[in-house]
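Readers should treat all values here as calculations from the given coordinates under stated rules, not as data from a laboratory. This one's a predicted model, so the numbers in the text were calculated from it and none came from an experiment. Because the Cβ atoms are built from the backbone with ideal geometry, glycine has one as well, and the counts that use them run over all protein chains shown.
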Amino acid sequence: MMITLRLPREEDYHSPLHHEGVAARVGLWLGIAFGICFITGMISHLIQHPPGWFVWPAGPSWLYRVTQGLHVTTGIASIPLLGVKLWVVMPKFWRRPLIRGLVDGLERLSILILIGACAFQLLTGLANVAEVYAWSFFFPRVHYAVAWIAIGAIIVHVALKLPVVRRAMATRLDDDQPASDDAAAAPAVSGLSRRGLLGAAATSAALAAVLTAGDTAHVLRPVSVLAQRSGAGPKGLPVNRTARAARITVDEAYHLSVTGEEQQWLLTLPELQQMAQHTARLPIACVEGWSQQATWTGVRLTDVIIPLGATPNGVRVVSPDRGPYGHSVVADNVLRHPDTLLALRLNGEILDLDHGYPVRLIAPNRPGAMQTKWVDRIELIR
Ligand SMILES: Nc1nc2c(c(=O)[nH]1)N[C@H]1C(S)=C(S)[C@@H](COP(=O)(O)O)O[C@H]1N2
Ligand SMILES: [Mo]
């Protein structure tokens, strides 16, 4: 028996659902979702790697929770939309000749890059939210780099397709569909109308969003069955990296060192406990999309710096954890915020070791990755 492999052809696709009006509409939704996802992703990147010109405000405390919640939710909603969009335009991939010349070849190459970059972003992003790390590269760096490729390819694609999009958006979806009253007489081509397909695409995107958004919007928790870590962990607060994973042990000898240019101040835990205590309700808003509000009590970060007599340009907060989130920089505006604490207590009780005992940083409007646990050193930045 001989098997001949044959590439599909445009003519093989008969469904009226492969229609440019459908493609343009799903494409528009995808463009909006990707646009929000890109901007919120860039915000998150800038906060974590701030260039000199960038200042992220220290409040309102919930702002990052919202931007990062939007990032993850729009990314997840894009997955079914991208699937539908690819299916609708599938015949176009197989039209003959496959390449019509240099310009056409470049355009088709740009579409290949577009699909590859978008699929890569959505799938690695989803895996990251689910804490599946099936790769050896450092996710944030690659996710950031490919974001630029994706957005560039989207801009090229939209620019090249603008005339088609204009025309397609103006066409009525049911123009060449049988009118409803003589539908029975028309050949039954498909059980689903174009409007039906659009409705299904919108519904699945909304469903994907609602099923995961409970990580940020807690009213959705009861229906967010796909949400990660809805409240697991001691004191109802999730834990990303445990003390064990970070190889943290704390003993009697613990002290916090605050180092300036010429001075160093060593504080024991009882000394920290005897200083003025302040309480703030602040969320941990993880870059992976979950966030959780809690009541934190401890010493104002500025209170351990003022005695050194210096006015630093921010501080570096350091723990013995050698992982990528074992230290963070607190910018000047955050440092001066009264809710920026070296927390000793969570919801009224001494911190659990997994939440950063004996001392962890908590500050308003900041990615969870920068809320450093197990702090034992503070370095003033000039
Ligand atoms: N030292 C240290 N602090 C850390 C981390 C870490 O890996 N090491 N992870 C950060 C991340 S990614 C998050 S989301 C928060 C979570 O805080 P929690 O475990 O108390 O909920 O801690 C942050 N602080
Ligand atoms: Mo995180």
Inset, instruction - Take A276, project a point 7 Å from its Cα along the Cβ direction, then tell me which residues of segment 293-320 have their backbone nitrogen under 14 Å from it. - result: 298-307
Legend entry - Cα pair distances of segment 1-134 binned at 10 Å [whole percent]: 10, 30, 29, 19, 9, 3, 1, 0
Inset, instruction - Kindly give Rg over Rh for segment 91-156, based on alpha-carbon atoms, with the Kirkwood expression for the hydrodynamic radius. - result: 1.11
Inset, instruction - State the volume of the convex hull built on the alpha-carbon positions of segment 323-366, expressed per residue in Å³ and rounded to an integer. - result: 84
Legend entry - Gain on full stretching of the segment that runs from S15 to T249 - 0.36 nm per residue minus C-alpha separation: 77.9 nm
Inset, instruction - With no solvent and one equal point scatterer per Cα, compute the Debye intensity ratio I(q)/I(0) for segment 85-127 at 0.19, 0.26, 0.27, 0.33 Å⁻¹ and report its log10, rounded to two decimals. - result: -0.66, -0.95, -0.99, -1.12
Legend entry - Low-density loop cleavage sites - GluC sites (Glu not before Pro) in segment 237-344, where at most 13 other Cβ are within 10 Å (DSSP): E252, E261, E262
Legend entry - Length released on extending from A170 to N333, taking residue separation times 0.36 nm less the Cα-Cα span: 53.7 nm
Inset, instruction - Would you kindly derive the ³J(HN,Hα) couplings of segment 18-27 from the backbone phi angles with the Karplus curve 6.51 cos²θ - 1.76 cosθ + 1.60 (θ = phi - 60°), listing them in order in whole Hz, with x for Gly and Pro? - result: 6, 9, 5, x, 5, 4, 5, 5, 4, x
Inset, instruction - Quick one: grab the alpha carbon gyration tensor of segment 250-348, order the square roots of its eigenvalues as a ≥ b ≥ c, and give me rounded if a/c is under 1.5, else prolate or oblate depending on whether a/b is larger than b/c. - result: rounded
Inset, instruction - Provide, in order from the shortest bin, the percent of all Cα-Cα pairs of segment 1-54 in each 5 Å bin, continuing until the bin that contains the maximum pair distance. - result: 4, 14, 11, 11, 10, 10, 9, 9, 8, 6, 5, 2, 1, 0
Legend entry - Estimated distance in nm for a label pair at L112 and E131, the labels positioned 7 Å out from Cα along Cα-to-Cβ: 3.9
Inset, instruction - Take every Cα pair under 8 Å in segment 300-382 that's 6+ residues apart, average their separations, divide by the length, and report that relative contact order as a whole percent. - result: 37
Legend entry - Point-charge dipole on Cβ atoms (K/R +1, D/E -1) for the chain, about Cα centre, debye to 20: 640
Legend entry - Rule-of-thumb Rg ratio for the chain [Cα; 2.2 N^0.38 Å; N residues]: 1.25
Legend entry - Per-residue HN-Hα couplings for segment 28-35 [Karplus 6.51, -1.76, 1.60; θ = phi - 60°; Hz; x = Gly/Pro]: 5, 4, 4, x, 5, 4, 5, x
Legend entry - Estimated dipole of segment 1-118 in Debye, rounded to 20 [Cβ of Lys and Arg +1, of Asp and Glu -1, Cα centre]: 100
Inset, instruction - Using amide H atoms built 1.01 Å from N in the peptide plane, name the residues 5+ places from A294, or on other chains, whose amide H lies under 5 Å from its own. - result: L282, I284
